[in-house]
Amino acid sequence: MSSLKEILSFNDSFVTDKKYEPFITTKYPDKRIVILSCMDTRLVELLPKAMNLRNGDVKIVKSAGAIVNHPFGGIMRSLLVAVYELKADEIYIVGHYDCGMSAIDPDQMLGHMVERGVKQEIIDIISYSRVDLKEWLRGFGDVTTSVMKSVDLVRSHPLMPKGIPVHGLVIDPSTGRLDLVTDGNTVISK
Ligand code: ZN
């Protein structure tokens, strides 16, 4: 059975048996928080549990590596929408140790694309149109530095209202322990 069939069949009974009832809430985050974290599988349930978050408490935005790599990309837009339109007034950027994104080698990934049928000419054309593919695909060396970089980008974003604390943390994907990288409140009060 493909995962799609499995999911649709499970979903049928989920809805019929009203298993959604414990999750009913609103689109506004009760704790007025938006979190940017990594898409890592180990964090799917662990991160909310380790931060004591339930359905309805927060907005969660995810990207590979919890990275904000473009000031006018989709991740930054999501954070701005959460703040301006969805009542979030605190931002948490939560990277994690042993992140798959730290091991990404852009050359190797471009090679994998060619192996999977993407023509080298296509890669060349994209590169010629001034897209730095290697920079775009690049991971990071140290997660703490990467979190700090994303925090700085969000804090200093020209469209981010003043007074929004942006916190940086790193979570252990096995134990859920959080290490503080930067407390946004101390920056705000300066
Ligand atoms: Zn990760």
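Brief remarks follow.
- Selection within segment 18-37: residues that are within 17 Å of residue 166 (Cβ to Cβ) and of a type outside the set (Lys, Arg). The member of this set that is nearest to the ligand (Cβ to nearest atom) is 37.
- Being in contact with an Asp or Glu (Cβ under 8 Å, 6 or more places away or on another chain), within 24 Å of residue 45 (Cα to Cα) and of a type in the set (A, V, I, L, M, F, W, C) is a description that applies to residue 169.
- Any hit, segment 168-183, residues being acidic (Asp, Glu), within 16 Å of the ligand (Cβ to nearest atom) and not in a loop (DSSP other than H, G, I, E, B): yes
- Some residue of segment 54-64 being over 30 Å from residue 133 (Cα atoms) and hydroxyl-bearing (Ser, Thr, Tyr): no
- Residue identified as in contact (Cβ under 8 Å) with a residue 60 or more places away in the chain and either closer than 15 Å to residue 172 by Cβ or away from the ligand (no atom under 14 Å from the Cβ) (or both) among 71, 48: 71
- Single condition residue 27 does not satisfy, out of (1) among the charged types (D, E, K, R); (2) at pLDDT 95 or above; (3) over 18 Å from residue 172 (Cα atoms): (2)
- Boolean, residue 127 is in a helix (DSSP H, G or I), modelled with pLDDT under 95, of a type in the set (S, T, N, Q) and within 16 Å of the ligand (Cβ to nearest atom): no
- In segment 100-118, the residues that are without any contact (Cβ under 8 Å) to a residue 60 or more places away in the chain and of a type in the set (Val, Ile, Thr) form Cβ pairs under 6 Å with partners that are within 15 Å of the ligand (Cβ to nearest atom) and part of a loop (DSSP other than H, G, I, E, B), at six or more places apart or across chains, as follows: 104/139.
- The residue that is farthest from residue 42 (Cα to Cα), among those in segment 95-147 that are among the charged types (D, E, K, R) and under 23 Å from the mean Cα position of the chain (by Cα), is 132.
The values are calculated or read from the model by the stated rules, or taken from the named source; none is laboratory data. What you see is a predicted model, and the numbers here were worked out from it, not measured in a lab. As a convention, Cβ positions derive from the backbone with ideal geometry for all residues, glycine included, and neighbour counts pool all protein chains shown.
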